[in-house]
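A short worksheet on the structure shown next.
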Amino acid sequence: MPDFDSGWEQYAEVTAGRPPLPFFDVAVAKANGDHGDGRLVVDLGSGGGVEARAFLERGWRVFAVDAEPRAVEVLLERTNREHLDRLETAVGRFTDVTLPQADLVYASLSLPFAVDDFEESIASALAAVRPGGWFIGVLLGPHDTWADQVATVDRSDIARLFTDFENLDIDTHEFDGPSGIGPKHWHWHVISARKPS
């Protein structure tokens, strides 16, 4: 089994040059993301910063948070200087950082790694969505290879967590594929939900 705690610095550096993950396209489609117009997105678990930079390029203001200090350094190193005035960063666990009210909270494969702090972390993430805003994120299911090391949910858990949201869409997939540390079986739920105005 992978030792997640020892590899986040390398993960941030290795993934900083990849294209945005498909979940980013979901966020763009749901939240009219090609036109940020100064709206605020919280990038929860920003990693190498690919999606944070993509949001900046589309006119969003970005609050990027990651527990790995090197991840934030990589993001700042690679961000276009013209965009830095719209970027704010924080280093810390999701339960230690006060999240601002945002038009979009984006959590691409980050919340499952909160493990023991998962319930508190996702509660904080959902509370940060302002009325009329969106949550777009990926949670892992119980059939995932890493299920004994990360927080997992099933569809009934998701329904419970998103009681106060509308337009809840859960796109569940199971497949064998690559990861940053080798092949595995994926079981994920891509979730989009809007907080009522």
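The values are calculated or read from the model by the stated rules, or taken from the named source; none is laboratory data. Predicted model, so just to flag it, every value in this text is computed and none were measured. Here the Cβ is made from the backbone with ideal geometry for all residues, glycine too, and neighbour counts use every protein chain on show. Keep in mind that these areas ignore ligands, DNA and RNA; they rest on the heavy atoms of the full protein, side chains included. Shrake-Rupley method; radii C 1.70, N 1.55, O 1.52, S 1.80 Å.
Points worth noting:
- Look at the dipole of the stretch 63-197 built from charges on Cβ: of SER156, VAL65, SER110, the Cα furthest out on the positive end belongs to VAL65.
- Prolate/oblate/rounded call for the stretch 44-95, Cα gyration tensor, a/c under 1.5 rounded: prolate
- Proportion of all alpha-carbon pairs of the chain beyond 26 Å (%): 26
- Estimated from the Cβ-Cβ distance and a Förster radius of 30 angstrom, the FRET efficiency linking GLN149 and ASP171 is about 0.80.
- Size of electric dipole in the chain: Cβ of Lys, Arg +1 and of Asp, Glu -1, about Cα centre, debye, nearest 20: 640
- Equivalent ellipsoid, the stretch 38-146 (semi-axes from 5 times Cα gyration tensor eigenvalues, Å): 22, 16, 12
- Three-way shape label, the stretch 97-197, alpha-carbon gyration tensor, a/c 1.5: prolate
- Percent carbon-and-sulfur accessible area, the stretch 107-177, ignoring ligands, DNA and RNA, probe 1.4 Å: 46
- Cα→Cβ-extended label distance, 7 Å offset, between GLU88 and ALA29, nm: 3.1
- Surface per residue (accessible, 1.4 Å probe) for the chain, Å²: 47
- Cα centre as origin, Lys/Arg/Asp/Glu Cβ charges: the stretch 49-165 dipole, Debye: 460
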